[in-house]
Amino acid sequence: MAAVIIQVLRSTSEFSDSAKVFWNYIIIESARPPEIGERRLGRLERGELAASNRRRMPMNFVSTAAITLLPGEAAWRSRKVQYYKGNWNSIESIIPEFELKPFSAGEQEPSNPFLQTVMRKPLSPAERYMPIGVVSHAYSLAPHCEVANLCRKGIIDAGIDSEELEYEIGLSELGEWMNFRIYLPSRYEFVDDAGNKLGLRLECFNSVDGSARLVIVFGWLRFVCSNGLVIGETKIEIKEKHGERLDLAEIAARIQPALNAALEDGAKMRAWQSQKVEIEAVASWADNQLAEKWGKKAAARVFHICDSGKDVELDDPFAGGPATRKPIRYVASVPGAPDRASTKYDVAQAMSFVASNRRNTEERLTFQYVIQTLLSQLPSTGPAGQSGI
C-alpha cells in the first residue's frame, strides 16, 4: 500500500511548496515499517496523550493498509483536494488541527486589534506552524476533527452501529477545507426498478478560515456510476447567531431529523419512476428552466444523456442557439442510463451524473441540491393523470 500511496501522490507535484509539506508528510512517513505503528498505538492506548482526550497519531503511525487514496480530481476554490478512504481511526488521524493566534509581524511586534490568524499545527516534528487565513476576533473556529466526531456521534445516536459505518475524507492542499463522508449500512439502500442500488451517505463540508459555512447534508450515491443525488430537506447549516459564538453541539442533535427526512426520499424516487416524460418536453425544459439555472453546456449534456444514454462535449461552446441545438460529439455511454429517458427518475439520474462530475466541490453540491426543484418544473404524467412532483 505504501508504494501505491507514493505513486498516486507524486502526481500532485504541481502543488505549491507549502502544500507539499502536508502531502509529502503522508508520502514519506507512511512507508515506515508497520511494527512502529503497532508500538506507538499501544502507547496511545495506554493514555499517554490523555490531554487531547482522544487518540491522535501522525500519518506515519497509521497502518497504511487502513487508508486508501481515492482516484480522480477535485478542487475547492481552485485548490486541489485529495480524497481518502479508511476506518475511523485512520481517517481521524490525518485530519489536521488548527488554532487561532495573534495577527502580527513577529513575536515581539504588536498584534492587530481587529484580526487574528488561523494557524495549522505542525503535522510532523520537522514542520512548523503554517498560517492558513486571517479572521476577525468574533470568528468561531470550527475544528475539522470536532465537527467530524459530532457528525459520527449523531449517526451513532440515531441507532446505527459504528462498526457498520464507512468513511471518506477530502482535504484541500493545506487542509483548511474538509469534505467528510459517512456511508450508512446496506439496509438503508434504495433499489430502483432497474435493480440499481443507491446508498445513503452523510456529507459534511467545513472550512477553518471563515471562507465557507459549515454544511451537512444527506444524499444518495448511485453505485453503478457514482452519481450523487440530494432530494429531501436534509441540509443542515450551522452558523453564528448575532452576538453569539458558533454552537457545534447542535450538530449531533440535528442529524436524526435530517436522517429521517432522507429516509422519506425513497417514496419520492418511486414516484419519479412512475412519472412519464416525453423527450420533446425534456428538450423544451432543458432549453429553458435547466439552461437558466445550470447554463447551456450542462443543460445540453443532460438533454443528450436523456436522448441517447451518452454523454457529450460541445464542439463549439460559443455557438448560438438553444442548449439542445448546440453542435456536439458523443464521448461515452453513461453507466446505468437508458437509451432514452422515459421517466422523471431517468432525468434525475442524468442530472445527477452531470452534477456529480463538477470538478469544483462547492458547485457539485449546489447543482445536486436543486435537482428536485428543477425536476418539478418538467412536465410529466403519472398514475391517474398525476403531474410532476
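For Thr343, the residues whose amide H sits under 5 Å from its own are Val277, ignoring neighbours fewer than 5 places away on the same chain, with H placed 1.01 Å from N. Per-residue Cβ neighbour counts within 10 Å put Cys145, Cys204 in the sequence Cys145, Cys204, beginning with the fewest. Electrostatic tally near Asn196: other residues with Cβ closer than 12 Å to its Cβ, Lys and Arg +1, Asp and Glu -1, net -2.
The ranking of Phe318, Phe180 by Cβ neighbour count inside 10 Å, starting from the fewest, reads Phe318, Phe180. Near the amide H of Arg79, within less than 5 Å, lie no amide hydrogens of residues on another chain or at least 5 residues away, with H placed in the peptide plane. Computed from label points 7 Å out along Cα-Cβ, the spacing between Ala126 and Ser140 is 3.9 nm. Taking Cβ atoms as reference points and 14 Å as the exclusive limit, the residues near Met269 contribute a net charge of -1, counting Lys and Arg as +1 and Asp and Glu as -1. Scanning residues 5 or more positions from Ser380 or on other chains, those with amide H under 5 Å from its amide H are Gly388, with H placed 1.01 Å from N in the peptide plane.
Viscosity 1.306 mPa s, temperature 10 °C: give me the Stokes-Einstein translational D for the range 271-385 in µm²/s, with Rh taken as the Kirkwood radius over C-alpha pairs.
On the way: Rh = 14.0 Å.
This corresponds to a translational diffusion coefficient of 113 µm²/s.
By the count of neighbouring beta-carbon atoms within 10 Å, fewest first, His137, His304 end up ordered His137, His304.
Give me the net charge for the shell around Thr381: Cβ to Cβ below 11 angstrom, other residues only, Lys and Arg +1, Asp and Glu -1. It would help to have the intermediate numbers written out before the result.
On the way: positive: Lys276, Lys344; negative: Glu278.
Its environment carries a net charge of +1.
No value in this document is a laboratory result; all are computed from the given coordinates. Fair warning: this is a prediction, and the values are worked out from it, not measured in the lab. Cβ: placed from backbone, ideal geometry, glycine included. Neighbour counts: every protein chain shown.
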